[in-house]
Structures are given as structure tokens and as C-alpha cells.
1. Which lysines have a Cα lying under 25 Å from the Cα of A:Lys414, excluding residues fewer than 8 positions away in the same chain?
2. In what order do A:Glu75, A:Glu5 fall by count of nearby beta-carbon atoms within 10 Å, going from fewest to most?
3. Going by a ≥ b ≥ c, the root eigenvalues of the Cα gyration tensor, does region A:194-260 fall in the rounded group (a/c under 1.5), the prolate group (a/b larger than b/c) or the oblate group?
4. Classify region A:69-143: rounded, prolate or oblate, from the alpha-carbon gyration tensor (a ≥ b ≥ c, eigenvalue square roots; a/c under 1.5 rounded; otherwise prolate if a/b is larger than b/c)?
5. Students often check this: by mean Cβ neighbours within 10 Å, which of A:135-144, A:419-428 ranks highest, and how do the rest follow?
6. Quickly rank A:264-273, A:170-179 as a protection proxy: mean count of other C-beta atoms within 10 Å, highest first.
7. If I stretch the segment between A:Ser87 and A:Asp49 completely, what's the gain in nm (0.36 nm per residue apart, minus their alpha carbon distance), one decimal?
8. Which aspartates and glutamates does A:Lys227 reach when only Cα atoms under 12 Å apart count, and residues fewer than 8 places away in its own chain are ignored?
Amino acid sequence: MKRQEDMEFFSRHLLEWYHRQKRDLPWRRSRDPYHIWVSEIMLQQTRVDTVIPYFNRFIGRFPTIESLAEAPEEEVLKCWEGLGYYSRARNLQHAARQVEDAYGGKVPDDREAVFGLKGVGPYTAGAILSIAFNRPEPAVDGNVMRVLSRFFLIEDDIAKAKTRVKMEGLAKELIPGGEASHFNQALMEHGALVCTPKSPRCLVCPVMERCAGRLAGRETTLPVKTKAKPPRPEARLAALVEGRGERAGRVLIRQRPSSGLLARMWELPHWPAPENDGAGGGAARPEDAAAMDRLRRSLAEAGISARPEEHFMAAEHTFSHIHWTLQVYRCREERLPLPMAAEARAPYAAQRTAVEAPAEASPPALFPAADSADPGAAPELFADEAGHAGERAEMRWIGREDMANYAFPNVFLKLLNAYFDQRDAAASGG
DNA sequence: AAATCGGGGGT
DNA sequence: ACCCCAGATTT
């Protein structure tokens, strides 16, 4: 069924098509393996059009592996802000340090070494080896599995790991001698531009006349893939705490734990919303007084003395496996602050040495402790999503201009911008 | 093998 | 509203 003749036809015509149709992409203007590497990490689960501006900014900021290895992690995360899957950014920097330490600052070109880099799996290893070094290694991603499953009418479930291994065997056989770089890119380019998931453009396909899937009328039902579970809903209450006194004009943000969801990103503080008995299943209503009281208590437990004043807005955010519904409340700091303690400051400088630094220096208190009737009631530990008691949650008061120094997930970026926009409009309007 | 990790664009 | 994307890592 996959006759040698069909395989040669496929490879030859795809390669010719690629030389005519390939897009002019930033990472194709360079032969620097570092550029190829960065692009491939960014392109994991992410579309080309999304990646382009991030790639250009990233290479501008970290032009060399050395510059990336030496940068503060916060700065790398800020450069990745909005791109998602933030462990990619942290793994990439970790791998840059691996390359500096173990390979003299040059991207290695053998399979074992490349595969050993943090964040580099089967696909990315093959992509780097083939695209940057023209080694005959397969680079099988979702595009490639779709294209191959159609042309060769392969009905294996592409969600299964075994299928990827099988596809890698086939993809490697298909690489024309000395053409690994162009051919692997041709395969993916074809999947992105012609052999698309829905409505494939078979009429302009260079290999349509021998496409087994098309000839069987199966081009829209292939590839076979078991569908993912829908994300579980989570209702949460978020606080936009407005500072008073010397902190007037600033709002309170906190840093997430160093592992798990959105690791080390900054956010508005938020906690699970009380379950709504009855219909609906958990989404707090904006004007719910009980929700506001719950939020006040959550704030207090985190050592934040603030009172929810009014509903600000709702926000939705979907991850791969969780769907957040956030009800955001504008809150008023209750105590008059002492002179600025935890003032907003750029987090960059201290970051790399912070790991080695002894834990003796506790961060400055966000609120004066003396006037509390119950001094022991302000816990210093931060409980994350899973309920683990984790590291101390770092908190800062920031104004709009400080947002440039902290990396936020998009949902909080939008909330903060909406808040500052609205507040400043109200101030200038009357 | 299944779950965990973002976010946006296409249909 | 659902699918999927130039996937890797952890459990």
C-alpha cells in the first residue's frame, strides 16, 4: 500500500512544491542553530503567526545563547508573556545554560545531546537536527501526522504515543538524500497551508492524485484522533486591592508558586468561590454579598486587610484542562499604611542570587502587624490550587508603569489594563 | 497511558 | 462552541 513508488512521488513533489511556496519566516532567514531552536520551542502548540513577533523580540533581547543563559529568569518570562506554556521559557533558559556549560556555547548536533536539552522532546530534537544541521532525522508533529495519515491512509489514533513512533519510521524513510532540512519543513508547511485540519485544499495539493485518503473520500475524516476531555470549570473570586496613603494609585499583585500552573507569573490575588448550591454549579453572582464576605475572609487569611467594595467585572479564562470564571471585586485597603515597605521595585536584579541567598531575610511586611487584634492570624504560607502549603507568596504594590517589570498571564494583563484605563478615564473626566 | 501545562485562530 | 495547533514533562 505504501509502495516505494508512491513514497518517492510524495517526497519529490512535496519538495518541489515547497521551493515554490515556502513562506518567508524570520527563522528561515538565518542558519543559526540557536534561532532554529528558539523558533521550534515557541512553535510548540503555537501557530506561526502568533510566534513571529515573539521570536523577533526574543532574539532582539537575547541575541546569543550566552545572553539568554545569563539573563534573569524574570526577564525571560516577561519576554514570553502572553505566549503561554511558560515552562517552555524556563526550560529554554535552563537548556541555554546546559549548552554553555557542557557544549562550549554551541548547539550540539548529535541526537543524544540535543535530546538531552531541557524542553527538547522527540519532535524538537528532530527539527533542530534536520533543519539546522540537515541530518536525516524525522520531525513528526501534528501537521506531519495529519499529512501522512491522509496520503497513506493510516487509521491509527494519532493521540497515542505508539502512532507517533510509527509515523517517525515512515517520515524518516521519506526523507530524500541530503534534503532533510527542506523536506521536513516542506511536510509541515504543506500541513499548515494545504493539508489543513478542516477543508483541506486538495485542489491545489501537489500530491493529490496519489493521496490514498482523498481517493477513498476520507480526507476530512482523517486523521483519527480521540478527543480530549473538556476543561473542568472553576469559579474564583479575585481582588483588585487599591492602596491608600503612600500606596495610593497602586494595586496589590502576588506571585504564583514556582511550579505548576502559570509558575512564577504574577496575578491579582484570587481564591476559589464558594459553591453555589442549586442551579448553575458554582459561578458566583457578581452582586453576591456572601461572595464578597468570603473574599474579605480570604484576603484576611492571606494577611491582607482589605474590604471588597463593589463588583468590578467578570473574566473568563480557559486553559487546556481548566476553565476559570473570575469575579473581580474592587477592594479598599482598610488600614492606613506605614511608610512604604514592600514598595514596587523591579524584580529582575535579585532573582538569580535569590536561590542561594539564605532565607533569613524575610520580605518586608505588606501591612503593619502591630494593630492587629490577632497577630497570629496572618499566615505567611501560600496555598496553591492543589491546596499544598507552599512557599511564601511574594506580593507587591504596583502602578500602571510597573507592569512592564512583571510577567502576567493574559487574563490579568487585560484586567489590570481595564482597571487602569477606567480609573484614569474617571479621574480626567471629572 | 493519562494528566498537566496557555492562548488564540479557524470554522 | 469546538477543534487544534511546528509538544514536553510529570505521574
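1. Here the lysines satisfying the reach criterion relative to A:Lys414 are A:Lys78.
2. Least crowded to most crowded, the residues run A:Glu5, A:Glu75.
3. Note, shape of region A:194-260 comes out prolate.
4. It comes out oblate by the Cα gyration axes.
5. Ranked from most to least packed, the peptides come out as A:135-144, A:419-428.
6. A:264-273, A:170-179
7. 11.6 nm
8. Hits, sequence-local ones excluded: A:Asp157.
Rule-based calculations on the coordinates, nothing more; no lab input. Note that the structure is predicted; figures quoted are calculated from it, not measured. All Cβ positions, glycine included, derive from the backbone under ideal geometry; neighbour counts span all protein chains shown.
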